[in-house]
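Trainee: Here it is, the structure in full.
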Amino acid sequence: MPRTPNPRLWQSHKVSHGYVASYTPMSFVDGEGVRCSLYVAGCLFACEGCYNEAAWNFRFGHPYDADLERRILDDLAHPAVQGLSLLGGEPFLNTGVCLAVVTALRERFGATKDVWCWSGYTVEELLASADPDKHALLNELDVLVDGTFQQEQRDLSLAYRGSRNQRVLDARASVAAGRAITRATGRAGATPQSAGQAGR
């Protein structure tokens, strides 16, 4: 089973070294549309069956720097690119890196590029967190795929997630409502609903 977060110890400023595991421009698999995908280094959840176990190490890869930030922004400027995806590793244990790139994105592109994020935290845990940096990052997201990967609930038919417990949430609506709100699909007539009721 994945580890349970320890709010006192699981803080970005205590564990993150500001490293990036990898960066992939023009990705077609990490969310909707063409995306720029930034994989941060370091995760404490240790999910069994994780596809990116190497990125558990907080010093895997290389440090995030100004050159990489400029490259990401230049790649995002391509008209075919819909937005940025934050993966890992665990973005909410690497908020220094994630907030730097998201802040730069918002300054240059405003809301014309969206931000997706995959996290082992649930949105309920993030909303209840006492860490201002976690709230700051959550407030900048458009879509949050939340929850740990659970091997016993693995389902390859799911879009954008690997196990049935994980949810694709409208991050802005969830923050505003103070509860999980599932993201509406592109289907006609689709509307957001409470994640606790989705599909039941």
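The values are calculated or read from the model by the stated rules, or taken from the named source; none is laboratory data. All figures in this text were calculated on a predicted structure; none of them were measured in a lab. Here the Cβ positions follow ideal geometry from the backbone for every residue, glycine too, while neighbour counts run over all protein chains shown.
Trainee: All but one of (1) at positive phi; (2) part of a strand (DSSP E or B) hold for Gly42; state the number of the condition that does not hold.
Mentor: So Gly42 meets the others, but not (2).
Trainee: Could you list, in sequence order, the residues of segment 85-105 that are farther than 22 Å from Glu53 by Cα and touching a helix residue (DSSP H, G or I) at 6+ places or on another chain (Cβ under 7 Å)? Explain how you work it out, then say what you get.
Mentor: Initially, segment 85-105 is screened for residues farther than 22 Å from Glu53 by Cα, giving 99-105.
Leu99, Ala100, Val101, Val102, Ala104, Leu105 - these are the residues of segment 85-105 that are farther than 22 Å from Glu53 by Cα and touching a helix residue (DSSP H, G or I) at 6+ places or on another chain (Cβ under 7 Å).
Trainee: Among the residues of segment 12-29, write down those that are touching a residue at least 60 places away in the same chain (Cβ under 8 Å), surrounded by fewer than 20 Cβ atoms within 10 Å (Cβ to Cβ) and in a loop (DSSP other than H, G, I, E, B).
Mentor: Gly18, the sole residue that qualifies.
Trainee: Among the listed residues Asp114, Asp155, identify the single one that is surrounded by fewer than 21 Cβ atoms within 10 Å (Cβ to Cβ) and touching a Gly at 6+ places or on another chain (Cβ under 6 Å).
Mentor: Asp114
Trainee: Here's a follow-up. On the basis of being free of Cβ contacts under 8 Å to residues at least 24 places away in the same chain and surrounded by fewer than 23 Cβ atoms within 10 Å (Cβ to Cβ), does Gln150 make the cut? Steps first, answer last, please.
Mentor: Numbers: free of Cβ contacts under 8 Å to residues at least 24 places away in the same chain: no; surrounded by fewer than 23 Cβ atoms within 10 Å (Cβ to Cβ): yes.
No.
Trainee: Does segment 163-173 contain at least one residue that is in a helix (DSSP H, G or I) and within 17 Å of Phe92 (Cβ to Cβ)? Walk me through it before giving the result.
Mentor: Kept after step one, since they are in a helix (DSSP H, G or I), are these residues of segment 163-173: 171-173.
Going one step further and asking which of them are within 17 Å of Phe92 (Cβ to Cβ), we end up with 171-172.
Yes, segment 163-173 contains at least one residue that is in a helix (DSSP H, G or I) and within 17 Å of Phe92 (Cβ to Cβ).
Trainee: When you look at Ala104, is it part of a loop (DSSP other than H, G, I, E, B), at pLDDT 95 or above, surrounded by fewer than 24 Cβ atoms within 10 Å (Cβ to Cβ) and more than 15 Å from the chain's Cα centre (by Cα), yes or no?
Mentor: Numbers: part of a loop (DSSP other than H, G, I, E, B): no; at pLDDT 95 or above: yes; surrounded by fewer than 24 Cβ atoms within 10 Å (Cβ to Cβ): yes; more than 15 Å from the chain's Cα centre (by Cα): yes.
Against the criterion (part of a loop (DSSP other than H, G, I, E, B), at pLDDT 95 or above, surrounded by fewer than 24 Cβ atoms within 10 Å (Cβ to Cβ) and more than 15 Å from the chain's Cα centre (by Cα)), Ala104 does not qualify.
Trainee: Those residues that are in contact with a helix residue (DSSP H, G or I) (Cβ under 8 Å, 6 or more places away or on another chain) and in a helix (DSSP H, G or I), I need them from segment 109-153; list them, please.
Mentor: The answer is Phe109, Val123, Leu126, Leu127, Asp133, Lys134, His135, Ala136, Leu137, Leu138, Asn139, Glu140.
Trainee: Let me ask another. For segment 55-81, how many residues are over 15 Å from Thr24 (Cβ atoms), of a type in the set (Gly, Ala, Ser) and not in a loop (DSSP other than H, G, I, E, B)?
Mentor: 1
Trainee: Further question on the same structure: Among Leu86, Leu9, which is crowded, with 21+ Cβ neighbours inside 10 Å, among the hydrophobic types (A, V, I, L, M, F, W, C) and outside any helix (DSSP H, G or I)?
Mentor: Leu86
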